[in-house]
1. Among 57, 33, what is the fewest-to-most ranking by other Cβ atoms within 10 Å?
2. Between the helical axis of 37-49 and the dominant principal axis of the chain, each derived from Cα atoms, what acute angle in degrees is found, rounded to the nearest 10?
3. What number, rounded to the nearest 500 deg cm²/dmol, is the helix-based mean residue ellipticity at 222 nm of the chain, given -39500 (n - 2.57) per DSSP H run of at least four residues and division by all its residues?
4. Arrange 31, 45 by Cβ neighbour counts within 10 Å, fewest through most, would you?
5. Classify the chain as rounded, prolate or oblate from the Cα gyration tensor: take a ≥ b ≥ c as the square roots of its eigenvalues, call it rounded if a/c is under 1.5, otherwise prolate when a/b beats b/c and oblate if not.
6. In degrees, nearest 10, range 0 to 90: what is the angle between the Cα axis of helix 6-15 and the longest Cα principal axis of the chain?
7. Estimate the FRET efficiency between residue 7 and residue 59 by the formula 1/(1 + (r/R0)^6), using the beta-carbon distance for r and 30 Å for R0, to the nearest 0.05.
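Here, each number is a calculation from the coordinates, and none is a lab measurement. Fair warning: this is a prediction, and the values are worked out from it, not measured in the lab. Here the Cβ positions follow ideal geometry from the backbone for every residue, glycine too, while neighbour counts run over all protein chains shown.
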């Protein structure tokens, strides 16, 4: 379904001031078709915390 403007629409909503007023923190994550759930969660936590969690055990996730 490429080329339909899904990402553009998502970015417009993400950057809308009304959304910013109600949601904090906001995080933009790019996900491929074959994503790894544990790595995705790790990327989200790292973005919120502002530091690397390279030593984090991902198995409990």
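1. Values: 57 8, 33 4.
Ordered by Cβ neighbours within 10 Å, fewest first: 33, 57.
2. Helix 37-49 and the main axis of the chain meet at about 80 degrees.
3. Details: 3 runs with 29 residues, N = 61.
That comes out to -14000 deg cm²/dmol.
4. Details: 31 10, 45 14.
The fewest-first ordering by Cβ neighbours comes to 31, 45.
5. On the way: a/c = 3.39, a/b = 1.41, b/c = 2.40.
Note, shape of the chain comes out oblate.
6. Helix 6-15 sits roughly 80 degrees off the main axis of the chain.
7. Details: r = 32 Å, r/R0 = 1.06.
Efficiency, from the Cβ-Cβ distance: 0.40.
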